């Protein structure tokens, strides 16, 4: 028994070390998760408590379930050469991207419809304005899906697929997570609609500014991904 | 030429350090780290510009040198971003008694480091046909660069902690900073250049061996 | 179809080269196939057959050279050239969760096939899949999956059919069926370029043979201009020494 245990243990460590990318990927993924939780829970001096936890929980849940859905959406094409079938069709790559993006948005929306009420109930949160909550969630959804769809096509042939996709998408989405959690904190009543700040980085703490920022982020990333998708899928 | 560039960079850095430690000293002591910190933050950003330009260059022309230069710039940028964050943390600890806290500058510097780290991991993770890997890295380089301004804007949603008000009261201090800046920028240029040609030679050697 | 650009050849490959990292896989391939001809591309494993097909299909970018399908340059007019092209690859390109007719309907929508339902009926009958139409693709046998792949490839009435090892994993009867379908396609004016490592099968359904070796076309001749039996023997002994 000891011999076998030792053999498997040593084999595992050797294999992990040979796949040079695996360990750094895991380490950076862990660091990113800690970092995102930290900035999402203190995007403005909201203190602690249920709203902060709820907002962080929501975005983390969306990020990871979104990533799983996106990873799957191209894994399904890789199987049986289906991706070739799409690339052979008389369509440009941008069309494939937009279709995949919409599918991922729909999946994430269904997920949000289930998880958001759960978070509201579990954390005893009251929402100031449902319409605004839906807006913020959809903008977040589009941001997560646009970047995720582009890079899930890119990581398909790698060994560390899911983990690699996670670090790529998390690092790119980090800037959006700050105003996104700010907006949720306003809606959950933890922050006032408008906050004033000082310093050389003028503090832009208002709900409309957060929404405008998310909109800008979505626009930049959706257009860039749509244009660059052809470069990613071509061999 | 490369050697001259690097030698000049080191001379400037040594001069900056000497002046900084003597005539240009800032009070209290820990603030002297700015002579290293500020030039490194500038270079960390400059390397990003180089990654963007070389990535676009690669996608437009398909020439391998562009791709190698992008790798070199990302590696150099990673080093500068690491020094930037390390010196920042040391300063933060001495000045405010915390290693790290979510303030805009700290958050943006950290994200910069993460972007470089992920770029380099992506680079070693992509298998198979080299051109496809190069293209994917170029795409990430471009998208990551789009991220940088967004990072700076997003940081405005975090209220800043009190920052020490640096004002230079002697020309020696300005001189030390400027020398440090010039030295670090030259160092960055030299490193990228050196690394690009090293990568090219490695590749050539591999091709020879395979033949 | 291509009245604005009259050309004699359905498929023309000119000076195509392709290198993977440092290994040259295709070296200056020239191949012109007139409409209605069936060409069999032979060669041992690793000779570059599949790569050539993928380059022609536009799935791989050649390092140099040009390819035209029905006169449309693959790189310059990708959508027009792809419309003229059908492809059967190693994998069936079918979604296992969808049924046979759903898979075909999906492909028909991708290509904007007019009168979809009728065309799908026609192909189901032509490939003998009518009774399997409601079966999910995942439960089909290898032979049936290959027929589905053929139906999918011919759905949009392509002028050129590329087939990568179409007989792999098929028994004698299924092979015969596939051959019959190919014959019918060629008789209707279709052009076929198929790869196979089994020269005997290739000679059975093609009139022209091309042999690819280490990325170079070492032979390109019509079947009745070579001594089939001797050629087969030579080829087989050559393949044995190479592998």
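We did not get these values from a lab; they are worked out from the coordinates using the rules stated. A quick note: this is a predicted structure, and the numbers were derived from the prediction, not measured. Note that we place each Cβ from the backbone using ideal geometry, even for glycine, and neighbour counts take in every protein chain shown.
Which FRET efficiency value, to the nearest 0.05, is calculated for residue B:198 and residue C:117 with the Förster distance at 51 angstrom and r the Cβ-Cβ distance? Mind dumping the intermediate values first?
Values: r = 62 Å, r/R0 = 1.22.
For R0 = 51 Å, the calculated efficiency reads 0.25.
Share of antiparallel DSSP beta bridges in chain C, in percent to the nearest 5?
Working: 22 of 40 bridges.
Antiparallel bridges make up about 55 percent of those DSSP assigns within chain C.
Which value, in Å to one decimal place, does the Kirkwood hydrodynamic radius take for chain B when every pair of different Cα atoms is included?
Kirkwood hydrodynamic radius for chain B: 18.5 Å.
Quick one: divide the alpha-carbon radius of gyration of the stretch C:1-155 by 2.2 N^0.38 Å and tell me what you get. Could the numbers behind the result be given before it?
Details: Rg = 17.2 Å, N = 155, 2.2 N^0.38 = 15.0 Å.
Output field value: 1.15.
Return the average number of partner chain Cβ atoms within 10 angstrom of each residue Cβ along peptide A:166-172. Before the final figure, lay out each step's value.
Details: counts 1, 6, 10, 1, 2, 12, 11.
Per residue, the average neighbour count from other chains is 6.
Counting alpha carbon pairs within less than 8 Å and at least 6 residues apart, what relative contact order, in whole percent, applies to the stretch C:1-108?
Relative contact order, the stretch C:1-108: 26 percent.
Test of understanding: extend the Cα→C-beta vector of residue A:159 to 7 Å, then name every residue of the stretch B:103-139 with backbone N under 16 Å from that spot.
The answer is B:121-129.
Is the shape of the stretch C:92-243 best called rounded, prolate or oblate, per the rule: a/c under 1.5 gives rounded, else a/b larger than b/c gives prolate, else oblate, with a ≥ b ≥ c the square roots of the Cα gyration tensor eigenvalues?
Prolate shape, in that a/c is at least 1.5 and a/b is the bigger ratio.
Given Cα pairs under 8 Å that are at least 6 residues apart, what percent is the relative contact order of chain B? Could the numbers behind the result be given before it?
Working: 240 pairs, mean separation 82.5, N = 211.
For chain B, the relative contact order is 39 percent.
Taking Cα atoms, how many degrees apart are the long axis of helix C:100-111 and the longest axis of chain C, rounded to 10 and kept between 0 and 90?
The answer is roughly 70 degrees.
Evaluated at 20 °C with a viscosity of 1.002 mPa s, what Stokes-Einstein diffusion coefficient in µm²/s does the stretch C:93-157 have when Rh comes from the Kirkwood expression over alpha-carbon pairs? Could you put the intermediate results ahead of the total?
Details: Rh = 11.3 Å.
For the chosen part, D equals 190 µm²/s.
Considering only B:76, B:138, B:175, give the residue with the highest GNM mean-square fluctuation for chain B, with springs between Cα atoms whenever their separation is below 10 Å.
B:175
Is it possible to state the helix-based mean residue ellipticity at 222 nm for chain A, with each DSSP H run of 4+ residues giving -39500 (n - 2.57), the sum divided by total residues, to the nearest 500 deg cm²/dmol? What is it? Please list the in-between numbers first.
Details: 8 runs with 182 residues, N = 235.
So the calculated ellipticity at 222 nm is -27000 deg cm²/dmol.
Take every Cα pair under 8 Å in chain A that's 6+ residues apart, average their separations, divide by the length, and report that relative contact order as a whole percent. Walk me through the numbers on the way to the answer.
Working: 243 pairs, mean separation 66.3, N = 235.
Result for chain A is 28 percent.
For the stretch C:138-196, what is the Kirkwood hydrodynamic radius in Å, using each pair of distinct C-alpha atoms?
Numbers: mean 1/r = 0.0848 Å⁻¹.
Result for the stretch C:138-196 stands at 11.8 Å.
For chain A, what class follows from the C-alpha gyration tensor (a ≥ b ≥ c being the square roots of its eigenvalues): rounded when a/c is under 1.5, otherwise prolate if a/b is larger than b/c, else oblate?
Oblate, because a/c is 1.5 or more while a/b does not exceed b/c.
Place a point 7 Å from Cα of residue C:219 in the direction of its Cβ. Which residues in the stretch C:26-58 have their backbone N less than 13 Å from it?
C:40-44
Can you show me the helix-derived [θ] at 222 nm for chain B, built from DSSP H runs with n ≥ 4 at -39,500 (n - 2.57) apiece and divided by the number of residues, rounded to the nearest 500. It would help to have the intermediate numbers written out before the result.
Numbers: 6 runs with 168 residues, N = 211.
Taking each H run of at least 4 residues, the total per residue is -28500 deg cm²/dmol.
Considering only A:108, A:86, A:185, give the residue with the highest GNM mean-square fluctuation for chain A, with springs between Cα atoms whenever their separation is below 10 Å.
A:86
Hey, in the GNM for chain A with a 10 angstrom Cα cutoff, which one of A:144, A:39, A:110 fluctuates hardest?
Looking only at A:144, A:39, A:110, the largest GNM fluctuation is found for A:110.
If you split all Cα-Cα distances of the stretch A:1-110 into 10 Å bins from zero, what percentages do you get per bin, shortest first?
Here the calculated profile for the stretch A:1-110 is 11, 23, 25, 25, 14, 3.
Based on the alpha-carbon set only, what is the convex hull volume of the stretch B:12-60 divided per residue, in Å³? Before the final figure, lay out the partial values.
Numbers: hull volume 3.1 nm³, N = 49.
In the stretch B:12-60, the Cα hull volume divided by residue count equals 64 Å³.
Please compute, for peptide A:152-161, the average count of beta-carbon atoms on other protein chains lying within 10 Å of each residue's beta-carbon.
On the way: counts 0, 1, 9, 4, 0, 8, 8, 3, 2, 1.
Mean number of neighbouring Cβ atoms from other chains: 4.
Can you say what percent of the DSSP beta bridges in the protein assembly as shown, counting only those with both residues inside, are antiparallel? Round to 5. Each step should come with its number before you reach the end.
Numbers: 24 of 42 bridges.
In the protein assembly as shown, DSSP labels about 55 percent of beta bridges as antiparallel.
Arrange B:31, B:135 by Cβ neighbour counts within 10 Å, fewest through most, would you? Mind dumping the intermediate values first?
On the way: B:31 16, B:135 23.
If I rank by nearby Cβ atoms, fewest first, I get B:31, B:135.
Could you work out the helix-only [θ] at 222 nm for chain C, with each DSSP H run of four or more residues adding -39,500 (n - 2.57) and the total divided by the number of residues, to the nearest 500 deg cm²/dmol? Before the final figure, lay out each step's value.
Details: 8 runs with 89 residues, N = 243.
The helix-only estimate for chain C comes to -11000 deg cm²/dmol at 222 nm.
Test of understanding: ordering C:111, A:97 by Cβ neighbours within 10 Å, fewest first, what list do you get? Could the numbers behind the result be given before it?
Numbers: C:111 20, A:97 23.
If I rank by nearby Cβ atoms, fewest first, I get C:111, A:97.
Which whole number gives the average, over all residues in C:143-153, of C-beta atoms from other chains lying within 10 Å of the residue C-beta?
On the way: counts 0, 0, 1, 0, 0, 0, 3, 0, 0, 2, 2.
The per-residue average across the peptide is 1.
In what order do A:226, B:99 fall by count of nearby beta-carbon atoms within 10 Å, going from fewest to most?
On the way: A:226 18, B:99 11.
In increasing order of surrounding Cβ atoms, one gets B:99, A:226.
Two decimals, Cα atoms only, Kirkwood Rh: what is Rg/Rh over the protein assembly as shown?
On the way: Rg = 30.2 Å, Rh = 28.7 Å.
Result for the protein assembly as shown is an Rg/Rh of 1.05.
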